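Following: one structure in structure tokens, then a few remarks.
The values are calculated or read from the model by the stated rules, or taken from the named source; none is laboratory data. Quick caveat, the model's predicted, so the values are computed rather than measured. In this analysis, Cβ positions are derived from the backbone assuming ideal geometry, glycine residues included, and neighbour counts consider all displayed protein chains.
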Amino acid sequence: MSYTETADGVDNQIAMVLDLNKCIGCQTCTIACKTNWTDEPGREYMYWNNVETKPGQGYPRGWEDVGDGWASEDRTERSPGEIPSIEGYGRHWEFNHEEVLLEGSDEHIAPAEDPEWGVNWEEDEGAGQYPNSYYFYLPRLCNHCTHPSCVEACPRQAVYKRSEDGIVLVDQERCRGYRHCVEGCPYHKIYFNMEEKTAEKCIFCYPRIEGNGPDGEQHAPACADSCVTMLRYVGRLDDPTGPIHKLVEEWEVALPLHAEYHTDPNVFYVPPMSPGQHTEEGETVDADRIPPTYLEELFGPDVHDALDTLERERERVRVGEDSELMEILTTNDRENQYQMEVFADD
């Protein structure tokens, strides 16, 4: 399947690939995004980038189970969803910092009240039974979809795609806080600022990629630039020389999340390779610990071919042969991984 289609009126589409085999769940990307963009009033519960443990309910809780998106592939009708409650996101907890740090209390630092849910609540829980329990990490951000249902949902045309790079943004002057976009995003990556009464979301760090930071230099999005394992690739989807195009179109190992929502995401994932199962006596069983059917639920039927390709190319390297795919996936050259020069003329 080809993913290089761009939306009407969009010149080039920016995209990101995330290699889930490298994610260690350290949340560095989450904190980098949080401190850059969502540390103001009304944004306490917002995580434009978050890292979920899968299998799990994710953030907001149960986001995969509430509909949304397009009802069919022809995108003539939207599938109505739900606006998550603040309890589904997890309320902003107040901690006893003052008592412990300033007043000398013997208590340990803890929430002032017993929380029932929050972002990353199910970290490292996963599924399965000993000795074959399993989990993996899934970083999520706005997909800056080619056919975003959030854009269609907004009656004010406040949500839109930039013509130069396809980044989806919210015009704060036009937004009236109807929250139809929040209801319309099947990935639940648009948030409502209850202080400002407007919608807000990931902006793909466009000031950074345009070189409008304090140093005047171009930088990859904060989530990518801060990643300690360098699992993210940034570039134009239609750039045939870049890693995005090679991983998505040539090698076909990077897949969209929940393609059945029909929004055509521009964030892609290299699926996690599974360790084998073991008996309680430690004997190896010829079966994947992560059920292939679960990966298919997330990434569609092409996930099986993608995993076969990854294993085949990894075996080539094991026996001393060259593999372009493995070179891309194991690079430590940030210039190749984050091809910022393609945005210089935007």
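Cβ contacts < 9 Å: first residue touching a residue at least 40 places away in the same chain (Cβ under 8 Å) and on the phi > 0 side of the Ramachandran plot, restricted to the stretch 118-146; second residue in a loop (DSSP other than H, G, I, E, B) and of a type in the set (Asp, Glu), any location; separation 6+ or different chain. Result?
Pairs that qualify, where the first residue is touching a residue at least 40 places away in the same chain (Cβ under 8 Å) and on the phi > 0 side of the Ramachandran plot and the partner is in a loop (DSSP other than H, G, I, E, B) and of a type in the set (Asp, Glu), are 144/165.
Across the stretch 318-330, which residue is farthest from residue 225 (Cα to Cα) among those that are free of Cβ contacts under 8 Å to residues at least 24 places away in the same chain and either surrounded by 15 or more Cβ atoms within 10 Å (Cβ to Cβ) or within 29 Å of the chain's Cα centre (by Cα) (or both)?
The extreme case among them is 323.
If I ask for residues that are part of a loop (DSSP other than H, G, I, E, B) and more than 14 Å from residue 21 (Cβ to Cβ), which ones from the stretch 303-330 would you list?
319, 320, 321, 322, 323
Go through 242, 216 for me and flag whichever is farther than 13 Å from residue 49 by Cβ, in contact (Cβ under 8 Å) with a residue 12 or more places away in the chain and small (Gly, Ala, Ser).
Criteria check complete, one pass: 242.
Please report, ordered by residue number, the strands (runs of 3 or more DSSP E) entirely within the stretch 128-199 with at least 1 residues that are touching a Gly at 6+ places or on another chain (Cβ under 8 Å).
136-140, 159-161, 190-193
One line per residue, one yes/no per condition, for (1) surrounded by 22 or more Cβ atoms within 10 Å (Cβ to Cβ); (2) farther than 23 Å from residue 3 by Cβ; (3) of a type outside the set (A, V, I, L, M, F, W, C):
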| site | (1), (2), (3) |
| --- | --- |
| 21 | no, no, yes |
| 25 | no, yes, yes |
| 28 | no, yes, yes |
| 32 | no, yes, no |
| 37 | no, yes, no |
| 43 | no, yes, yes |
| 51 | yes, yes, no |
| 56 | no, yes, yes |
| 59 | yes, yes, yes |
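Results for (1) closer than 25 Å to residue 224 by Cβ; (2) modelled with pLDDT under 95; (3) not hydroxyl-bearing (Ser, Thr, Tyr), shown as yes or no for each residue.
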residue: 239; (1), (2), (3): yes, yes, yes
residue: 242; (1), (2), (3): yes, yes, yes
residue: 247; (1), (2), (3): yes, no, yes
residue: 253; (1), (2), (3): yes, no, yes
residue: 257; (1), (2), (3): yes, no, yes
residue: 272; (1), (2), (3): yes, no, yes
residue: 282; (1), (2), (3): no, yes, yes
residue: 293; (1), (2), (3): no, no, no
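For the stretch 245-269, how many residues are out of contact with any Phe, Trp or Tyr (no Cβ under 7 Å at 6 or more places or on another chain), within 20 Å of residue 54 (Cβ to Cβ), of a type outside the set (Asp, Glu) and not in a loop (DSSP other than H, G, I, E, B)?
Number satisfying all stated conditions: 3.
Listed here are the residues, each with its yes/no results for (1) assigned to a helix (DSSP H, G or I); (2) in contact with a strand residue (DSSP E or B) (Cβ under 6 Å, 6 or more places away or on another chain); (3) closer than 22 Å to residue 121 by Cβ; (4) without any contact (Cβ under 8 Å) to a residue 40 or more places away in the chain.
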position: 17; (1), (2), (3), (4): no, yes, no, no
position: 24; (1), (2), (3), (4): no, no, yes, no
position: 34; (1), (2), (3), (4): yes, no, yes, yes
position: 39; (1), (2), (3), (4): no, no, yes, yes
position: 47; (1), (2), (3), (4): no, no, yes, no
position: 64; (1), (2), (3), (4): yes, no, yes, no
position: 67; (1), (2), (3), (4): no, no, no, no
position: 91; (1), (2), (3), (4): no, no, yes, no
position: 104; (1), (2), (3), (4): no, no, no, yes
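Scan the stretch 232-252 residue by residue and report those that are surrounded by 23 or more Cβ atoms within 10 Å (Cβ to Cβ) and touching a Leu at 6+ places or on another chain (Cβ under 6 Å).
Answer for the stretch 232-252, where residues must be surrounded by 23 or more Cβ atoms within 10 Å (Cβ to Cβ) and touching a Leu at 6+ places or on another chain (Cβ under 6 Å): 232, 244.
Check the stretch 224-244 and report whether any residue there is outside any loop (DSSP other than H, G, I, E, B), in contact with a strand residue (DSSP E or B) (Cβ under 7 Å, 6 or more places away or on another chain), hydroxyl-bearing (Ser, Thr, Tyr) and under 24 Å from residue 161 (Cβ atoms).
yes
Limited to the stretch 93-102, what total is found for residues that are touching a strand residue (DSSP E or B) at 6+ places or on another chain (Cβ under 8 Å) and exposed (fewer than 12 other Cβ atoms within 10 Å of the Cβ)?
1
Here's a check for you: in the stretch 1-19, which residue that is within 30 Å of residue 304 (Cα to Cα) and not aliphatic (A, V, I, L, M) is surrounded by the fewest Cβ atoms within 10 Å (Cβ to Cβ)?
2
Quick one: is residue 158 touching a strand residue (DSSP E or B) at 6+ places or on another chain (Cβ under 7 Å), aliphatic (A, V, I, L, M) and under 26 Å from residue 76 (Cβ atoms)?
yes
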